[in-house]
């Protein structure tokens with residue numbers, strides 16, 4: 001029946017009230033919201049590039065150069081492994097030939113031993129598609145009578161490309177955040193491209209300069225002949241420099257040797273972990289073979305000495321070398337919290353861009369164009385909204401005006417959801433809202449036409465209203481579920497404005513079902529309980 005239990009009335013009223021509370025900040029300026037207490041909701045809808053202007057860059061990650069660098073590193077690793085074979089010693093020559101590393105043996109009978117040695121360099125990579133089994137990253141084949149060809153598998157190349165793009169996105173995000181802009185949009189496009197949109201930034205040159213900075217990661221010994229403060233006040237010893245220590249208040253400095261023990265290009269991976277003996281947070285890392293040899297020699301000679309991890313002229317950490325770091329892996333400890341260990345691991349992994357970023361396209365959207373877009377979107381939304389309200393009021397009388405009230409609540413809930421989620425509203429997003437208005441009205445039209453049909457069949461007002469809502473529910477759900485699925489697919493496969501449209505459409509589907517069926521039904525229920533008409537004209 002139309003009677004709503006008290007708990008349902010309270011729940012619906014609470015949802016609408018929360019919608020009003022979280023949508024309200026959009027009616028105030030940021031300065032006005034800053035004066036309010038911290039507990040007051042202050043999240044606003046973020047306007048996209050096409051609405052408030054800003055800078056747009058289409059970047060391409062140079063994955064081809066990355067593969068070439070890895071092939072050069074592989075060439076050195078193969079040479080080192082084969083040199084380690086003795087009794088008898090293997091004589092060979094290693095050279096690059098396109099995408100292959102070719103090994104030519106002086107004695108063809110050594111090929112089996114050489115292939116076994118090279119295969120030790122292989123590791124497993126996760127494959128894409130339906131196969132759940134990992135593949136080896138190296139393809140090792142015989143070449144002629146005395147040769148071996150080594151190259152990276154397609155799965156390995158794809159894994160390198162994906163990792164490089166993901167790492168580049170992380171680095172770009174960190175660098176763009178330095179601009180202090182609100183909600184930059186950084187999205188992957190295709191296999192190796194990145195779309196960067198920075199709303200509110202009208203100087204693309206500044207953005208390009210920032211992205212062009214070289215994030216140099218290096219390891220240095222700490223000079224303990226004097227304190228950093230003494231060195232800054234007098235003169236640092238020859239071959240040393242004073243650098244600031246990151247995340248210290250007041251600012252602290254460290255005196256380090258200029259000569260780098262190791263550069264970030266030798267770092268393969270880093271991850272936060274826990275020391276098995278002390279259970280304190282640490283950062284584990286892995287080096288390539290060349291870096292492992294160099295680091296092993298240096299750390300063996302400097303046990304007990306502190307060393308500094310430097311990124312872009314700033315010391316991230318200065319832990320003590322507790323033991324020689326051999327075998328290409330080790331750990332960094334320094335009284336980290338779990339968060340600090342995680343942050344340091346991220347910085348080590350993403351300190352330097354893994355490959356060159358090439359700018360394929362750039363454009364600036366001026367504030368005038370953004371204002372025009374906002375104005376055009378507002379006019380379209382207002383015209384559509386007013387036209388729908390007039391149509392519903394003229395076509396269905398009181399029931400139409402109750403549907404209009406529910407429609408207003410629908411728009412409020414959409415604004416609240418966009419504010420809470422921090423979603424970026426674009427011009428296509430406004431189109432999604434306008435489409436949502438039409439969908440919400442369509443649901444009400446279905447319900448009211450069902451009620452009219454029941455009245456034509458001589459049903460009482462109560463039964464006509466009840467049957468109208470119940471019989472229209474299935475059709476409403478079918479239409480909105482298929483639209484919701486389409487929105488999810490658009491969000492997963494689309495990029496930029498397409499995603500903005502998908503977000504508002506998906507949110508609008510959920511809110512329109514709630515307002516068009518549940519909320520509007522509650523309004524009709526209140527009216528019927530108060531009036532109890534013997535005859536209903538719709």
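The numbers here are math on the coordinates, done by the rules we state, and not lab data. All values derive from a computational prediction rather than experimental measurement. Quick reminder, even Gly has a Cβ in these numbers, built from the backbone with ideal geometry, and neighbours come from all protein chains shown.
If you take the beta carbon distance between residue 294 and residue 251 as r and set R0 to 25 Å, what does 1/(1 + (r/R0)^6) give as a FRET efficiency, to the nearest 0.05?
0.20
Over the chain, calculate the relative contact order: mean separation of alpha carbon pairs under 8 Å at least 6 apart, over the residue count, as a percent.
18
Residue separation times 0.36 nm, minus the C-alpha to C-alpha distance between residue 230 and residue 401: what's the value? Walk me through the intermediate numbers first.
Details: separation 171, 0.36 × 171 = 61.56 nm, distance 7.83 nm.
Length difference between fully extended and current span is 53.7 nm.
For labels at residue 277 and residue 492 in the simple 7 Å Cα→Cβ model, what's the distance in nm?
Between residue 277 and residue 492, the label points sit 4.9 nm apart.
If one takes the longest principal axis of the Cα atoms in the chain, at what angle in degrees, from 0 to 90 and to the nearest 10, does the Cα axis of helix 520-531 lie?
Helix 520-531 sits roughly 30 degrees off the main axis of the chain.
Test of understanding: ordering 515, 300, 240, 436 by Cβ neighbours within 10 Å, fewest first, what list do you get?
300, 240, 436, 515
I'd like the distance between the alpha-carbon centres of region 374-414 and region 1-68, rounded to an integer number of Å.
For region 374-414 versus region 1-68, the Cα centre distance is 22 Å.
Could you check the spin-label model distance between residue 360 and residue 303? Points 7 Å from the Cα along Cα→Cβ, value in nm.
In this crude label model, residue 360 to residue 303 measures out at 5.3 nm.
Rounded to a whole number, what is D in µm²/s for region 63-158 from Stokes-Einstein with the Kirkwood radius over alpha-carbon pairs (10 °C, 1.306 mPa s)?
On the way: Rh = 13.9 Å.
Using the Kirkwood radius from Cα pairs, D works out to 114 µm²/s.
How are the Cα pair distances of the chain distributed, in percent, across 20 Å bins from 0?
16, 36, 29, 15, 4, 0
Mind checking the log10 I(q)/I(0) for region 384-538 at q = 0.12 Å⁻¹? Debye, one equal scatterer per Cα, no solvent, two decimals.
-0.53
With axes computed from alpha carbons, what is the tilt in degrees of helix 367-421 against the longest principal axis of the chain, rounded to the nearest 10 within 0 to 90?
Approximately 30 degrees, to the nearest 10.
Can you pull the one-decimal nm distance between simple spin-label points at residue 259 and residue 383, each 7 Å off the Cα toward Cβ?
Computed distance between label sites residue 259 and residue 383 equals 7.4 nm.
Under 8 Å for C-alpha pairs, at least 6 residues apart: give me the relative contact order for region 1-123, rounded to a whole percent. Before the final figure, lay out each step's value.
Details: 62 pairs, mean separation 18.3, N = 123.
Relative contact order of region 1-123: 15 percent.
What is the order of 364, 482, fewest Cβ neighbours within 10 Å to most?
482, 364
Can you tell me the 0 to 90 degree angle between the C-alpha axis of helix 427-456 and the longest principal axis of the chain, rounded to 10?
So the inclination is approximately 40 degrees.
For region 399-474, what ratio Rg/Rh do Cα atoms give with a Kirkwood hydrodynamic radius? Walk me through the numbers before you get to the answer.
Details: Rg = 16.0 Å, Rh = 14.1 Å.
That ratio equals 1.13.
What order do you get for 505, 261 when you list them from fewest to most C-beta neighbours inside 10 Å?
261, 505
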